[in-house]
Amino acid sequence: MSRRKTPEEAAWLAERYPGTPNRELLEGFRAEFGWAPTLFGLCSWASDRGLRKDRGQIDWAGHPEYVGFMRSFVPGHTEREIADAFEREFGIRLSDSKIGNFKARFGVRSGTAGGRFERGHVPTNKGKTWDEMGIPEEKRERMRATQFKPGNLPWTTRAVGEERVTRDGYIEVHVALHRSERANDQWVMKHRLVWEEANGRALRPGEMVVFADGDKRNLDPGNLVAMTMAEHAIIVRSGIAYADRETCETAIRIARVKMAASRAGKRPRRCASCGEVFEPRYARQRRCDRCLGR
Ligand SMILES: [Zn+2]
């Protein structure tokens, strides 16, 4: 049976096609819309649109622990945070499309937009005292030491007082931004502000700040280390561990070595067969694509 899909039906299918087995996809479609295309119809529709199946699909149905983890972790987290946490937990790196597919299939939402919390998102700790949050005394000492005082102007921003803790444990501070009238009421990550103040410069685009000891409440400037997101991705993906400032800085150096080696592996070279210079697609490629018959 062939039938024209409505835009809603097409969007529903396109979102799930890459990560859902076809049989399950067609069953879900029938349950949702009361009819379903044939398997053949589905495949030719997908290929017309250039849709492909994700390689190495995640078997959500066969792993309730994956689903349980995602259900509890996805709300309030960005795709990067979700991929990092899932990898730490199960040793599998989820692509953005797999995460998007999970959300669509299981009806779970991040509640974030472009990595920032959506307007109206109220963290569970908002307005709570340190007592209510159960923060131990030794951490309070450090928090007091790094809390903003009136008249204390950080590098790019001015704190206007209130602090809150996001669902994933980061302290945010309410700031008024200099030189910007339309954005003078924002919450920013406090550890970024502390880093900027301690280092006397603004963070560059693509730079992030990590907690060397892994404790998101330890805002001691000595515990805050800046790195690029690319370096961070390699550290996480390669499972390079760090536990303090020194090991964290070593982890960054290892990531830089890996990046340099990977760049070197992709340098143009002479084909071992025809002698022409070509740009390899992978590090050990000895022959050009033409000689490889591709
Ligand atoms: Zn060649």
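With respect to the conditions (1) loosely packed, with under 12 Cβ neighbours inside 10 Å; (2) modelled with pLDDT under 70, Pro154 lacks only one, and its number is (1). Applying the condition of being in a loop (DSSP other than H, G, I, E, B) and charged (D, E, K, R) to segment 25-58 and asking which residue is nearest to Asp96 (Cα to Cα) yields Asp54. From the list Ala145, Ala113, Ala85, the lone residue that is at pLDDT 80 or above and either loosely packed, with under 14 Cβ neighbours inside 10 Å or outside the structural domain of Leu193 (by TED's automatic domain parsing) (or both) is Ala85. Answer yes or no: is there a residue in segment 248-271 that is within 12 Å of the ligand (Cβ to nearest atom), more than 26 Å from Ile92 (Cβ to Cβ) and assigned to a loop (DSSP other than H, G, I, E, B). Looking for residues that are within 12 Å of the ligand (Cβ to nearest atom), more than 26 Å from Ile92 (Cβ to Cβ) and assigned to a loop (DSSP other than H, G, I, E, B), one finds at least one in segment 248-271, hence yes. In the condition set (1) surrounded by 17 or more Cβ atoms within 10 Å (Cβ to Cβ); (2) more than 16 Å from Asn101 (Cβ to Cβ), Gly19 is compliant with all but (2).
Can you find a residue in segment 281-290 that is in the same structural domain as Glu172 (by TED's automatic domain parsing), more than 19 Å from the chain's Cα centre (by Cα), surrounded by fewer than 13 Cβ atoms within 10 Å (Cβ to Cβ) and more than 16 Å from the ligand (Cβ to nearest atom)? No, segment 281-290 contains no residue that is in the same structural domain as Glu172 (by TED's automatic domain parsing), more than 19 Å from the chain's Cα centre (by Cα), surrounded by fewer than 13 Cβ atoms within 10 Å (Cβ to Cβ) and more than 16 Å from the ligand (Cβ to nearest atom). State all residues of segment 64-82 that are surrounded by fewer than 17 Cβ atoms within 10 Å (Cβ to Cβ) and of a type in the set (Ser, Thr, Tyr); if no residue qualifies, say none. Result: Ser72, single match. For Val188, the test of being within 25 Å of Arg88 (Cβ to Cβ), more than 16 Å from the ligand (Cβ to nearest atom), touching a residue at least 12 places away in the same chain (Cβ under 8 Å) and not in a helix (DSSP H, G or I) is failed.
Every condition in (1) surrounded by fewer than 17 Cβ atoms within 10 Å (Cβ to Cβ); (2) within 13 Å of Ile171 (Cα to Cα) holds for Asn199 except the one numbered (2). Restricting segment 210-256 to residues that are among the acidic types (Asp, Glu) and surrounded by 13 or more Cβ atoms within 10 Å (Cβ to Cβ) leaves a set whose member that is farthest from the chain's Cα centre (by Cα) is Asp220.
Looking for something among the small types (Gly, Ala, Ser) and modelled with pLDDT of 85 or more - is there at least one such residue anywhere in segment 193-200? Yes; the residues of segment 193-200 include at least one that is among the small types (Gly, Ala, Ser) and modelled with pLDDT of 85 or more.
The values are calculated or read from the model by the stated rules, or taken from the named source; none is laboratory data. This is a predicted model, so every value here is computed, not measured. Backbone-built Cβ (ideal geometry, glycine too); neighbour counts: all protein chains shown.
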